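Have a look at the structure below before the remarks.
The values are calculated or read from the model by the stated rules, or taken from the named source; none is laboratory data. As the structure is a computational prediction, the values presented were derived from the model and not from experiment. Positions of Cβ are backbone-derived with ideal geometry, glycine not excepted, and every protein chain shown enters the neighbour counts.
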Ligand SMILES: Cc1ncc(COP(=O)(O)O)c(C=O)c1O
């Protein structure tokens, strides 16, 4: 087996021993009392994460399943849906809307930038009537975070539309208080800022969405949210849950709440500042402008001539630090560092040192 490396990917990320060990809990009947107790605890803690009194659901699926659940439950054939598109994950989101038969109204900006709030406002005004806005908060592919989630949510609601936020790579590192902001569905994944293993998607669901689904049941079985809500009310999931992952998620959420949500968010602030500063000191340029740069995913340009695959391989092999490459137009030109979950000063220092030393050897070779 590979020795444990420092995982500085934009997910999955480092998981504590405490959380890993939780997966050794016994297999139990998922229709029995022990699971009901476990799942009710998970749902309570998930409510804290989303800062909601409303409904939440945990799906046995990666984040993509969570996004698909939101799309399939809300979008009906012919529905217009506003989708800011500024990277790979927002592109996929627009495609998911189209697969569901919706009309994706793309509000696009170049990869590495974000559409402005004015652009979004104009697109909503021009469209007039639309079913929902689906907004990726943090474009993991480019290291760009939308600074106006609350305002965008308000705008969508003022048009009578649902506001759906993909916060897969941000919630936990950022706070998205869904009740306060009026977010209808917020989606996150277990493997990012929550610092649990990959494999679970967490969703908050507003009362408005619950009411809508009563009148207009979705055409999906595995992701049929009303079914999850019905089963969830008695501490069960409709289909067999990935039990060890639920144990792990429960433990990871306990860790998060023991630290305190606000403190965890501040830690992400501090660690990302330190990482951006350290990378700049190495003479490396961030992809995103400061006003939209993400504090959970840092995308950074390589200096001219540094080979992406070779650099990342050397970093992983010689320094035991694992980072990610670029996506789409940034492939080969950019590397990405995750600043998520367990991130701390020691990890940041080790990562910066490893990048600095490896970059120096690539520059001189
Ligand atoms: C913003 C965003 N949306 C969706 C996804 C897809 O999640 P998953 O790979 O867990 O299916 C990711 C994964 O990185 C993401 O960062």
message: Checking the condition more than 13 Å from the ligand (Cβ to nearest atom), on the phi > 0 side of the Ramachandran plot and either out of contact with any helix residue (DSSP H, G or I) (no Cβ under 6 Å at 6 or more places or on another chain) or free of Cβ contacts under 8 Å to residues at least 24 places away in the same chain (or both), which residue from 160, 235 passes?
response: 160
query: Can you pull out the residues in the range 109-146 that are farther than 16 Å from residue 299 by Cβ and within 16 Å of the ligand (Cβ to nearest atom)?
result: 115, 133, 134, 135
- prompt: All but one of (1) crowded, with 24+ Cβ neighbours inside 10 Å; (2) away from the ligand (no atom under 13 Å from the Cβ); (3) within 29 Å of residue 337 (Cβ to Cβ) hold for residue 181; which doesn't?
  reply: (1)
All positions within the range 280-307 that are in a helix (DSSP H, G or I) and either surrounded by fewer than 17 Cβ atoms within 10 Å (Cβ to Cβ) or touching a helix residue (DSSP H, G or I) at 6+ places or on another chain (Cβ under 7 Å) (or both): 280, 281, 290, 291
- prompt: Within the range 85-98, can one find any residue that is away from the ligand (no atom under 16 Å from the Cβ) and either within 25 Å of residue 204 (Cβ to Cβ) or modelled with pLDDT of 95 or more (or both)?
  reply: yes
- request: With a cut-off of at least 2 residues that are under 17 Å from the mean Cα position of the chain (by Cα), name the strands (runs of 3 or more DSSP E) lying wholly within the range 1-117.
  value: 55-60, 80-85
field: Which listed residue, of 234, 221, is over 21 Å from residue 36 (Cβ atoms) and in a loop (DSSP other than H, G, I, E, B)
entry: 221
